[in-house]
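A short write-up of the structure that comes next.
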Amino acid sequence: MLANRALTMIAATRPAFPTASVLPVLVAGALVSAQGIAVDHSLLALAVLNIALIHGAANVLNDYFDSRSGADALNEERIYPFSGGSRFIQNGVLTEREMGALGAILISCGAALGLWMALLTGPTLLLMGLAGGALAIFYTAPPCLACRGLGDLAVATCFGVLPLAGTSLILSGQVSAGSLWLGGSIGCFVAGILWANSIPDILSDRASGKMTLPVRLG
C-alpha cells in the first residue's frame, strides 16, 4: 500500500519530462570537462537531483494551480501526456489538496538541497537558486507568469540559462560566457517544445484567463 502510494506520488511529478531540466546540468558537466577542469561527479549528481526535485515540484504545482483556475477541467483538446497536465486531480487519483501538499514538499526539499550547495559554492548560486525556485512556483501560481505571456521566457531561463550556468559555477567556481550562450540555446529549444504543447490548450487557457503567448497570438 505504501509502495503504491509512493509510486503514485512519483507519477504525479510526470517523471518522463525532467529529462528537459537534467539535460542542461549534464551538458554543463561536459562543458566544464572540455575546459580541462576535473569534474566532481558527486556534486554533479547533487545538481541533477536538485533540478529534478524543482522540476517535479513545478509540474505538480502547475497541476494544482491549473485545477484551481479551472484550466485543466475545461481542457477537452488536450493531447495526453504532452498537454493538459497529469489529470491526476481531474481523474480522482489525488485530491487538489494532496497535489498542493506534494508540490510544497518537493519545492522545500529542492530548496534545502540548493541551500546546502550554495553554502559550499557561494552567494551567487544562492541568488540563482532563489530565481529558479521563484520562477518554478510563479509560473502558474498567482500572479502567474504563464497567464501574462511570460511563461516561455521563464521556461527558457529555468531549463537552459540557470541550470547550465549554476552547474558550471558549482563545478568550476565560475560562470563562463560559453555556459550562458549554451544555456540560452538549450532554453530556446525547451521553450519551443512548451510552445508546441500549449497549442492544444488554447481554448481552455483562454476560457480560464490563462493568456499564454499561443492564446494571445491565436
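The values are calculated or read from the model by the stated rules, or taken from the named source; none is laboratory data. What you see is a predicted model; the values in this text were computed from it and never measured. FYI the Cβ positions are ideal-geometry reconstructions off the backbone, even for glycines, and counts take in every protein chain you see. Note: areas computed on protein heavy atoms with side chains; ligands, DNA, RNA excluded. Shrake-Rupley method; radii C 1.70, N 1.55, O 1.52, S 1.80 Å.
Taking Cα atoms only, the orientation of helix 162-172 departs from the longest principal axis of the chain by about 20 degrees.
Roughly to the nearest percent, how much of the accessible area of segment 86-148 is carbon and sulfur, given a 1.4 Å probe? C and S fraction of accessible area: 72 percent. Accessible surface of residue 41, taken over heavy atoms with a 1.4 Å probe and every protein chain present, rounds to 130 Å². Do you know the relative contact order of the chain, to the nearest whole percent, from alpha carbon pairs under 8 angstrom that are 6+ apart? Computed value for the chain: 26 percent relative contact order.
Segment 149-218 and segment 108-128 have their alpha-carbon centroids 21 Å apart. For Cα extents along the principal axes in Å, the candidate list reads (1) 43, 38, 32; (2) 50, 43, 31; (3) 52, 46, 25; the entry that matches the value derived from this model is (3). Restriction of the GluC sites (Glu not before Pro) in segment 31-116 to DSSP coil positions whose beta-carbon has at most 12 other beta-carbons within 10 angstrom yields 76. Between residue 34 and residue 131, the modelled labels are 2.2 nm apart [label points 7 Å from Cα along Cα→Cβ]. In the context of the full set of protein chains, residues of the chain present 49 Å² of accessible surface per residue (probe radius 1.4 Å, heavy atoms only).
Ordered by solvent-accessible area of protein heavy atoms (1.4 Å probe), largest first, the residues 144, 109 come out as 109, 144. Relative to the longest principal axis of the Cα atoms of the chain, the long axis of helix 2-12 makes an angle of roughly 90 degrees.
Measuring nothing but how far apart in sequence close Cα pairs (under 8 Å, 6+ apart) lie, relative to its length, segment 1-81 scores a relative contact order of 33 percent.
Can you give me the C-alpha center-to-center distance between segment 1-17 and segment 31-61, rounded to a whole angstrom? Result: 21 Å between the Cα centres. Ordering 37, 74, 47 by the projection of their Cα atoms onto the charge dipole of segment 20-82, which places +1 on the Cβ of Lys and Arg and -1 on the Cβ of Asp and Glu, puts 37 at the extreme positive end.
Shown is the FRET efficiency for residue 112 and residue 181, computed with R0 = 45 Å from the Cβ-Cβ distance and rounded to the nearest 0.05: 0.90.
Principal-axis analysis of the Cα atoms of the chain puts helix 177-198 at an angle of about 10° to the longest axis.
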